[in-house]
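A short write-up of the structure that comes next.
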Amino acid sequence: MKPHLICHMVTSVDGRIRTRRWRPEGNNPAGLFEQLHERLGCDAWIVGRVTGQEFAKAKAYPATTQPLPRENYYVRRDAAAYGVVLDAEGKIVWGRADIGGDPIVVVLTRKVSDAHLAGLRSDGVSYVFAGEDKLDLAAALETLNRELGVKRVLLEGGGVANGAFLRAGLVDEISLVIGPIVDGAKGASSLFDSTEADAGVAAPVRAMRLDSTEVLDGGSVWLRYSLENG
């Protein structure tokens with residue numbers, strides 16, 4: 001069974017999600033994203049590899065000759081919420097076991113190295129497999145639901161990860177905060193983005209319904225949409 005998936009993001013008026021070029025400076029209220037994250041509530045939140053890399057604290061895992069089975073590995077099954085990170089090739093070297101108190105669960109393909117798996121175990125990081133050499137996002141969500149009891153997930157970027165879930169027909173709801181800010185330049189990732197290989201793939205969204213709007217302090221607008229996927 002698939003958990004309910006909400007894509008929760010803050011963007012500029014022109015739909016960009018990288019904050020360093022947002023102007024006017026100071027118009028992105030500190031802590032707003034986290035406050036709304038808490039209001040939405042979840043059993044887990046998901047980010048892609050690039051976003052996940054921002055939380056890593058180490059540089060490399062040592063080599064190993066010990067073979068490890070390609071089986072799901074859990075450090076904890078009783079957390080109030082999990083931080084789930086997509087890392088198909090096993091590139092992130094964590095050096096930590098949690099993000100903000102939420103235990104890390106990495107989603108991998110089976111082609112990752114034994115050294116990477118051993119490193120995750122040494123860091124106290126859980127991992128699940130979803131695909132041989134390409135991530136099966138639907139299978140990953142079903143595993144989180146079946147084995148960790150995850151029923152409600154917040155998808156929180158980056159743009160390529162968001163776009164992959166959207167094109168797979170897995171996004172049930174969009175929670176979008178549009179701030180009184182602009183990017184205004186070429187090249188920044190957008191709310192939903194893709195790799196070059198997926199650039200021509202249309203999302204199977206058949207309908208969208210506006211469920212609520214809320215004007216927030218500072219001029220941001222919070223929109224919530226329900227999606228119907230075909």
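The values are calculated or read from the model by the stated rules, or taken from the named source; none is laboratory data. Since the structure is predicted, the reported quantities are computational estimates derived from the model, not experimental observations. Counting neighbours? That spans all protein chains shown, and the Cβs are built from the backbone with ideal geometry, glycine included.
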Count, please, the residues in the range 203-230 that happen to be part of a loop (DSSP other than H, G, I, E, B), touching a strand residue (DSSP E or B) at 6+ places or on another chain (Cβ under 9 Å) and within 26 Å of residue 31 (Cβ to Cβ). 2
Quick check, is residue 95 at positive phi, surrounded by 17 or more Cβ atoms within 10 Å (Cβ to Cβ) and either in contact with a helix residue (DSSP H, G or I) (Cβ under 8 Å, 6 or more places away or on another chain) or not charged (D, E, K, R) (or both)? no
Can you give me the ranges of the strands (runs of 3 or more DSSP E) entirely in the range 64-178 with at least 3 residues that are over 30 Å from residue 206 (Cα atoms)? 102-108, 126-129
With the requirement that a residue be touching a helix residue (DSSP H, G or I) at 6+ places or on another chain (Cβ under 8 Å) and β-branched (Val, Ile, Thr), what does the range 73-92 give you? 84, 85, 92
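For (1) within 18 Å of residue 14 (Cα to Cα); (2) assigned by TED's automatic domain parsing to the domain that holds residue 58; (3) aromatic (Phe, Trp, Tyr), each residue gets a yes or a no:
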{"residue": "135", "(1), (2), (3)": "no, yes, no"}
{"residue": "140", "(1), (2), (3)": "no, yes, no"}
{"residue": "185", "(1), (2), (3)": "yes, no, no"}
{"residue": "193", "(1), (2), (3)": "yes, no, no"}
{"residue": "203", "(1), (2), (3)": "no, no, no"}
{"residue": "210", "(1), (2), (3)": "no, no, no"}
{"residue": "219", "(1), (2), (3)": "yes, no, no"}
{"residue": "224", "(1), (2), (3)": "yes, no, no"}
Verdict on residue 82 being among the hydroxyl-bearing types (Ser, Thr, Tyr), surrounded by 14 or more Cβ atoms within 10 Å (Cβ to Cβ) and more than 13 Å from the chain's Cα centre (by Cα): no
Filter result for the condition that a residue is over 20 Å from residue 122 (Cα atoms) and not charged (D, E, K, R), over 24, 67: 24
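Out of the residues in the range 199-213 that are under 21 Å from the mean Cα position of the chain (by Cα) and either among the polar types (S, T, N, Q) or surrounded by fewer than 10 Cβ atoms within 10 Å (Cβ to Cβ) (or both), which is farthest from residue 223 (Cα to Cα)?
199
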